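Bear in mind that the values in this text are calculations on the coordinates, not laboratory data. A quick note: this is a predicted structure, and the numbers were derived from the prediction, not measured. Here the Cβ positions follow ideal geometry from the backbone for every residue, glycine too, while neighbour counts run over all protein chains shown.
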Amino acid sequence: MTTGLSIHIGLNRVDPDAYGGWAGELGGCENDANAMTTIATARGFSPTTLLNERATSDAVLAALDTVVDRLRAGDILLVTYAGHGGQLPDQDGDEPDARDETWCLYDRELLDDELAERWSRLARGVRCFVLSDSCHSGTITREPLYRQLGRLPEARDFGVPATPVLRGVPDAVQQEVLLQHGRLYRDIRRRTRRVGRDEIGACVLLISGCQDNQQSMDGAANGLFTEKLLQVWNGGGFSGDHARFHHRILDLMPPVQSPNYFVTGAADSAFEAQVPFTVASPESAEPEPVPATRLSVRAPGTVGRFGAPPVFEVEGAYRYRVLEVAVRGELFDWDAHGGERDGANFYATWDDPAVGRFEDDAFTLPAAVWERMRDADRLHYRVGTTSSPSGWADYTVSTRDDDGANAPFVTIADGDRRTTTPRGK
C-alpha cells in the first residue's frame, strides 16, 4: 500500500534572540499550516504539524529525517511551509543570484542547502510535493535543474491591500543576524554536504509563493498565496494536474507576486500529471479519497419569470457559505469558460461586496441580480462552504468545476407559478 507522509510548518512569530531582537510577527501562517493539515488528512496523508515555538530547526530537521528514512519508491512526501523567507550570502558558488534562500524557523534560518541534502536521501521513485508560502521562495528546493512554467497574470484588481504585510526578513534584520550569528551559519554550511545535480533520485515538485526576487503577502486569515491555493483546490473539487493547479493559482495573483513551479531531481511526468495531494502512486489502482464534507442544497424546481427571486437552502455545511448562479452550468468552470462570464449570465456572492459570505441556512437571490438573469430559461446553481470568515480553509462546493453541466437548476417559467418540489443535491 502506498504511504503518504506530510509535514506542515507555520510560524506567526520567531525567537527575537535569534533574529537580532526582531519577532517577525505575522497573522496567517498558523492558519495556513492548519489548512494544509486538513487537506493532507482528508487525502490520506499521515501529517505532522509544527507551529511557532515547536517549529525549531531541530524539530523540523528531525521530522524530515524521520519521513525521509521511511519512504520507498512510489510513496509520497508533502511538505508545506508558511512563514518568513530570508536570503543569506551564498558561500559555495552554487546559487546564480549568489544567495541561499531560507525558511525562518523559530530559532534560526534553515538553508536551502539543508533541504537539498534531505531530498538527496529520498529513495529513487519517491514523489515529493513542496508548497512554500514565504518570501524569496522561488528556488527554496535549491536544484539548478528546474523548469519554470509560470507566466504573469493579466493586470486586474486582486484585492491587495495598499500596505500589505510581507513574509520576508527586512534587510536590516538580516544584516544583524549575520553580525550576531554569522559563525553559526558558516558552521551549518561547513557541515552540510553539497548536493550534486545528479544525486536527487526522487522527483521534488515545488510550487512557491513567489519568485526569488519577490515577496509574499501575509493576511489575517491566510497568506495571499495560500488563500488562492485553497480557493483553487475548492475543497477537493479541483481535478487538474500540478501544472494546471499552479496556473490556476497564478491567474488569481497580482503581477508583483507570481508563484513559481520548479521540478527538482528525477523527472516524473506521471507524478506531475496527477491531481495534487494524491497519495496513490500513478501505477496504483487505489481509489482517491473522497472529501469528508458534503453539502445538501435545495431550491425550487420552477419559479415564475416575473415572480419573487428564488431562495436557496443549505444544510450540513460549514459556517460560512457562498452561492454561485449561472444561466449555463459550464460557466462554473473558470478555466474553460471564465472569460464568458458577465453580469447577465453569472453571479457569485463572493464577488458581491454587499453579500460576500453568508451564515444563514437560506439565501434569497438579490432582486437586482434576478432582474438581470430572469430572461434565461434556467438558472444552474452551486453552493460553496468554508470554516473561515475570510480565507478558504476546508472550502468545498456542491458541484465540481468540470461537472457544471450537471449542476442542479431552477427552471424559469412564464407567469408567476412556483412549485414546492425541491430540485438539488
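Tabulated results
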| quantity | calculated |
| --- | --- |
| Exposure proxy ranking, count of Cβ atoms within 10 Å, fewest first, for CYS128, CYS135 | CYS128, CYS135 |
| Translational diffusion of segment 1-118, µm² s⁻¹ [Kirkwood Rh, Cα pairs; Stokes-Einstein; 20 °C; 1.002 mPa s] | 143 µm²/s |
| Residues whose placed amide H lies under 5 Å from that of SER46, excluding near-sequence neighbours | GLY4, LEU5, SER6 |
| For segment 190-208 versus segment 237-279, the gap between their alpha-carbon centres in whole angstrom | 19 Å |
| Ellipsoid equivalent to segment 296-413 - semi-axes via the Cα gyration tensor, in Å | 21, 16, 13 |
| Cβ crowding within 10 Å averaged over residues, with 240-249, 318-327, 169-178 ranked highest first | 318-327, 240-249, 169-178 |
| Sorted peptide list for 225-231, 27-33, 80-86, criterion being average Cβ within 10 angstrom, highest first | 80-86, 225-231, 27-33 |
| Local electrostatic count at VAL60 - Lys and Arg +1, Asp and Glu -1, tallied over other residues with Cβ under 12 Å | -2 |
| Charge context of GLY28, other residues only, Cβ under 10 angstrom, K/R +1, D/E -1 | -4 |
| Segment 8-86 versus segment 301-326: alpha-carbon centroid distance in Å | 39 Å |
